[in-house]
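Below you'll find the structure, written out as structure tokens, and then a few comments.
The values are calculated or read from the model by the stated rules, or taken from the named source; none is laboratory data. Note that the structure is predicted; figures quoted are calculated from it, not measured. No Cβ is skipped: glycine too gets one built from the backbone with ideal geometry, and neighbour counts run over all protein chains shown. For the accessible areas, the whole protein counts, side chains as well, though only heavy atoms, and no ligand, DNA or RNA atoms are used. Shrake-Rupley method; radii C 1.70, N 1.55, O 1.52, S 1.80 Å.
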Amino acid sequence: MMKQPPVTEDSVGILSIVMPAYNEAATIAEVVDAVLVRGEVGELVIVDDCSSDGTWDEIQRIANERERVRVFRHDVNQGKGAALRTGISHCTKPYVLIQDADMEYWPGDYAALVRPLLDNGADVVYGSRFLTGNAHCVLAFWHSMGNQFLTMMSNMFSNLHLTDMETCYKAFRREIIQSIDICENRFGFEPEITAKMAAMRAKIYEVGISYQGRSYEEGKKIGWRDGVRAIYCILKYNLWEHRPLSMPKPVVTAERPAVEVAAEGA
């Protein structure tokens with residue numbers, strides 16, 4: 001594991017981390033440890049999307065043992081976008097960052113992700129796997145080409161110039177992401193939220209991040225059908241349902257109990 005960079009005084013406790021989880025019992029405890037060691041993390045909101053491998057039992061154990069962890073569960077499997085919708089609605093800290101429940105993305109990058117939010121007035125920061133000098137695992141050729149194609153297509157219709165639209169790491173001002181009606185239940189969340197950020201004329205930054213991609217044999221879940229859906233979502237949210245969105249003003253952060261175990265219905 002790479003050395004964790006120091007936490008600056010102005011970034012302590014500012015992040016709500018949202019972690020969707022589906023059948024990640026083998027990795028989630030390790031990921032939680034890596035997340036909670038970061039001083040930027042004020043709370044970790046985990047949403048179990050009706051796992052069948054013991055993930056929910058592991059999550060409840062973690063919530064009972066660790067501070068700053070709040071957990072929720074869907075009664076039926078709905079998809080990553082639905083889990084994010086649930087988790088985001090429960091966030092209380094000034095900024096919200098998405099973290100997968102595997103070790104593909106490294107929490108040590110939080111320092112770089114929050115800096116544009118604090119120093120440059122960014123509304124959202126994308127962590128790019130391609131805009132980086134950091135160590136990263138080489139992606140399979142066609143998976144990489146698919147990511148770059150979807151990013152290019154998204155850029156064409158949103159008039160943005162991103163290098164990695166499909167990245168997991170996106171950090172938002174909380175009031176912005178909570179003001180958006182998230183419609184997609186699966187991996188269509190990425191092009192949907194990008195189109196809506198563009199419609200809102202959000203101030204978007206990108207920073208390079210580390211990446212340790214896993215194979216389908218190791219549990220990767222996104223497939224070619226999700227790529228087809230992403231194309232549909234790019235057209236849907238940029239063209240067919242495009243409308244200007246207003247930018248919410250900053251709000252005072254309310255505090256909630258640090259540890260909470262609850263269930264979310266379908």
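If I compute solvent accessible area with a 1.4 Å probe over the protein chains, what percent of it on the range 8-82 is carbon and sulfur?
45 percent
How much accessible surface area, in Å² rounded to 10, belongs to the heavy atoms of W240 with a 1.4 Å probe?
Number for this one is 150 Å².
Once the Cα gyration tensor of the range 2-160 is found, what semi-axes does its equivalent ellipsoid get, as square roots of 5 times the eigenvalues, in whole Å, sorted largest first?
Semi-axes, largest first: 25, 21, 16 Å.
Mind checking the full-extension length gain between H161 and N64? Use 0.36 nm per residue of separation minus the Cα-Cα distance, one decimal, nm.
Extending this stretch completely gives an extra 30.6 nm.
Report ³J(HN,Hα) in whole Hz for each residue of the range 34-45, in order, from the Karplus equation J = 6.51 cos²θ - 1.76 cosθ + 1.60 where θ = phi - 60°; Gly and Pro get x.
In residue order, the calculated couplings are 5, 6, 6, 6, 7, x, 5, 7, x, 7, 10, 9 Hz.
Which order do the peptides 152-158, 93-99 take when ranked by the mean count of other beta-carbon atoms within 10 Å per residue, highest first?
Taking the mean over residues of other Cβ atoms within 10 Å, the ranking is 93-99, 152-158.
Give the long-range amide H neighbours of V69: residues separated by 5 or more places, or on another chain, with amide H under 5 Å away, using H modelled in the peptide plane at 1.01 Å from N.
L44
Mind listing the phi-derived Karplus ³J(HN,Hα) values for the range 230-237, rounded to whole Hz, using 6.51, -1.76 and 1.60 with θ = phi - 60°, and x for any glycine or proline?
The phi angles translate into 4, 4, 4, 5, 4, 5, 4, 8 Hz.
Which value, in Å² rounded to 10, gives the accessible area of H90 with a 1.4 Å probe and all protein chains present?
The accessible area of H90 comes to roughly 30 Å².
Counting only other residues whose beta carbon sits under 12 Å from that of L235, what net charge do I get with K and R as +1, D and E as -1?
Taking every Cβ under 12 Å from that of L235, the sum is 0.
Provide E43, E9, E65, E206 ordered by accessible surface of protein heavy atoms (probe 1.4 Å), highest first.
Result of the area sort, largest leading: E9, E65, E206, E43.
Within the range 116-200, what whole-number % of the accessible surface is contributed by carbon and sulfur, with the 1.4 Å probe and all protein chains included in the calculation?
58 percent
Residue by residue through the range 6-21, which ³J(HN,Hα) values in whole Hz follow from phi under the Karplus form 6.51 cos²θ - 1.76 cosθ + 1.60 (θ = phi - 60°), with glycine and proline marked x?
Residue by residue, the range 6-21 yields x, 9, 7, 4, 6, 10, 5, x, 8, 9, 9, 8, 9, 10, x, 9 Hz.
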